[in-house]
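Visitor: Take this structure, written in structure tokens, and hold onto it; I'll ask about it next.
All of the numbers you see were taken from the coordinates with simple rules; none came from a lab. No experiment lies behind these values; they were computed from the predicted model shown. Heads up, the Cβs are rebuilt from the backbone with ideal geometry, glycines too, and the neighbour counts pull from every protein chain shown.
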Amino acid sequence: MINDISELFGRQMPMSMLGETLNHHPGVKTRAAIQTDHGIACCRCGSIQMGRIDTLQQLAFAPEPNEFPRISQPLTWQGKLTKLQAECAQTVIDVFKNRRRHLLWAVTGAGKTEMLFKGINWAVENGLRVGIASPRVDVCIELFPRIQVAFEKVSCVLLHGKSEQPYVYSQITVCTTHQLLRFYHAFDVLIIDEVDVFPYSGNAMLHFAVANAIKPTGATLYLTATPDQNLFRAIKQNKLTVSYLPIRYHGHLLPEIAVIRTKRLATLINDGQLPKNILNKIQALIDAKQRFLLFVPHIKDLKHVFDALKATKMAAKFETVYSADPQRIEKVALMRNHQLDFLITTTILERGVTFPGIDVIVLKADDDIFSAAALVQIAGRVGRNSDRPTGEVLFYCESKTANIKSCDRQIKLMNQKAAAL
């Protein structure tokens with residue numbers, strides 16, 4: 001139940017969720033919950049997917065007042081940008097100032113977050129409200145403390161489906177794209193990270209949420225290392241401007257993939273076994289105290305691989321993790337805090353999460369679930385830290401598929417562009 005008007009600033013809720021004190025508050029406005037002009041659709045989500053609501057109900061909202069204290073020099077981050085990063089950072093400021101729609105296309109590990117800081121600083125200095133959204137909860141959880149540290153004087157809130165933090169009206173909101181469904185004309189600046197990834201890519205409801213959450217005069221910045229065809233189409237139609245950064249912040253090239261063809265790999269994994277060459281490689285990494293991520297294509301593969309590794313009685317700490325894992329957040333935190341030697345994971349950790357100094361192994365890399373973009377992102381987990389800007393990316397497969405070849409080409413093309421700078 002909402003009892004404070006500030007909880008409604010730039011947000012929309014069914015009238016039934018308002019406390020008695022807000023039912024007759026002069027700052028509360030209402031709009032229809034259902035539109036019937038072109039078929040029946042919910043005004044919160046643009047479809048009929050967001051819980052029960054009917055034509056007898058109204059949505060309550062309070063126009064965004066931008067009631068934030070004026071802060072001198074809100075950016076407390078003391079790091080330095082490279083020349084190319086600084087150019088991208090200036091582009092971000094220009095996008096925000098001119099209320100544009102823009103794509104920042106930067107390779108994995110380019111330092112996209114740091115390139116946002118000066119633009120966010122400009123927005124906060126000018127009393128604007130900033131939203132940063134990602135389709136993946138892991139990305140939000142990793143991003144939020146970095147934003148807090150960079151903007152210590154600025155009010156920030158983290159919102160996702162598993163969050164225990166209550167909603168507080170804040171100048172910077174970090175949230176999953178699903179949480180944007182609760183906002184209405186709230187943000188002057190809205191940043192969408194990992195814009196090409198499920199469940200945002202191709203999801204009409206979440207695109208509707210973004211359009212609803214931003215002010216009509218707001219700026220939208222999209223971030224990705226692997227643009228999809230929808231983004232390319234928008235660029236071609238002049239609906240989206242674009243800037244590109246082909247090199248990581250530390251100046252080293254992207255680690256390139258090694259493809260190891262392995263006969264009967266899928267059959268062996270289904271039987272709860274792993275080939276000797278893979279077991280030997282995993283043991284070698286453990287002996288060298290080299291941490292890594294072990295990717296499999298399907299949830300059912302997790303137990304097969306886990307059991308096969310447990311049967312070897314290797315002296316290592318490891319867990320499995322997938323999108324609906326009830327302990328997903330805790331397991332990722334264990335890996336981040338160096339309490340695990342490796343994680344066996346589905347594509348849920350393909351992007352947006354950084355474990356410095358790791359290597360990557362992909363089993364059944366020729367499975368259709370691994371798109372070229374997913375493989376590029378998985379490879380991009382390696383070499384992200386300047387202390388260890390290199391590492392191994394090993395794709396085990398029975399055949400070198402078109403997606404594997406495309407991934408290989410994309411990484412090599414990015415490295416060619418970077419080498420030419």
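Visitor: Please compute the contact order of the range 340-399 in relative form: average sequence separation of alpha-carbon pairs under 8 Å and at least six residues apart, divided by the residue count, as a percent.
Guide: Relative contact order of the range 340-399: 44 percent.
Visitor: Sticking with this structure for a sec: With labels modelled as points extended 7 Å from the Cα through the Cβ direction, what inter-label distance (nm, one decimal) is found for N270 paired with N203?
Guide: According to this spin-label approximation, the distance is 3.1 nm.
Visitor: Can you find, among N126, L340, H102, the residue farthest towards the positive end of the dipole of the chain? Put +1 on the C-beta of Lys and Arg, -1 on that of Asp and Glu.
Guide: H102
Visitor: Placing unit charges on C-beta atoms (Lys and Arg positive, Asp and Glu negative, everything else neutral), compute the dipole magnitude of the chain about its Cα centre in debye, rounded to 20.
Guide: Dipole of the chain, to the nearest 20 debye: 860 debye.
Visitor: Right, next: Take the cross-link list K97/K215; K83/K412; K281/K303; K83/K215; K276/K331 and give me the ones stretching past 25 Å between alpha-carbons.
Guide: K83/K215; K276/K331
Visitor: Net charge within 15 Å of I257 by Cβ-Cβ distance, Lys/Arg positive one each and Asp/Glu negative one each, not counting I257 itself?
Guide: +2
Visitor: With r defined as the distance between the Cβ atoms of Q148 and L421 and R0 fixed at 25 Å, what FRET efficiency is calculated, to the nearest 0.05?
Guide: 0.15
Visitor: Specify which residue in the list L22, I358, L116 is farthest towards the positive end of the charge dipole of the chain, using unit charges on the beta carbon of Lys, Arg (+1) and Asp, Glu (-1), about the Cα centre.
Guide: Working it through, the farthest residue towards the positive pole turns out to be I358.
Visitor: For a quick check: with amide H placed at 1.01 Å from N, whose amide H comes under 5 Å from V242's, ignoring anything fewer than 5 positions away on the same chain?
Guide: Here the answer is L103, since their amide H atoms fall under 5 Å of that of V242.
Visitor: Then there's this: Run lengths n ≥ 4 of DSSP H only: what is the helix-derived mean residue ellipticity at 222 nm for the chain, with -39500 (n - 2.57) per run over all residues, to the nearest 500?
Guide: Estimated from H runs of four or more residues: -9500 deg cm²/dmol.
Visitor: In addition: What is the calculated FRET efficiency for R70 to E256, with r their C-beta to C-beta distance and R₀ = 51 Å, to the nearest 0.05?
Guide: Between R70 and E256 the formula returns 0.55.
Visitor: If you don't mind, another one. A 22 angstrom limit on the alpha carbon distance is what I want to check against. Which of K112/K417; K289/K310; K263/K405; K289/K417 exceed it?
Guide: Check vs 22 Å cut-off fails for K289/K417.
Visitor: Report the label-to-label distance for A32 and Q229 in nanometres (one decimal), using points 7 Å from each Cα along the Cα→Cβ vector.
Guide: 3.5 nm
Visitor: A further question on this structure: Cut-off under 17 Å on the C-alpha distance; same-chain residues fewer than 8 positions from K313 excluded. Which aspartates and glutamates are left, in chain and number order?
Guide: D287, D341
Visitor: Length gain on complete extension for the stretch M314 to K289, per 0.36 nm per residue less the alpha carbon to alpha carbon distance?
Guide: 7.7 nm
Visitor: Treat every Asp and Glu Cβ in the range 275-333 as -1 and every Lys and Arg Cβ as +1, leave all other atoms uncharged, and give the resulting dipole magnitude about the Cα centre to the nearest 20 debye.
Guide: Charge dipole of the range 275-333: 160 debye, to the nearest 20.
Visitor: Under a Cβ-only charge scheme (Lys and Arg +1, Asp and Glu -1), can you give me the dipole magnitude of the range 202-338 about the Cα centre, in debye to the nearest 20?
Guide: Charge dipole of the range 202-338: 160 debye, to the nearest 20.
Visitor: Which shape class, rounded, prolate or oblate, goes with the range 164-296 when its Cα gyration tensor gives a ≥ b ≥ c as root eigenvalues, a/c under 1.5 marks rounded, and past that a/b bigger than b/c marks prolate?
Guide: prolate
Visitor: Just check the range 264-360 against the gyration tensor rule for me: Cα atoms, a ≥ b ≥ c as the square roots of the eigenvalues, rounded for a/c under 1.5, and otherwise prolate or oblate depending on whether a/b exceeds b/c.
Guide: Oblate.
Visitor: Taking K and R as +1 and D and E as -1, what net charge do the other residues with C-beta under 12 Å from the C-beta of V305 add up to?
Guide: The answer is 0.
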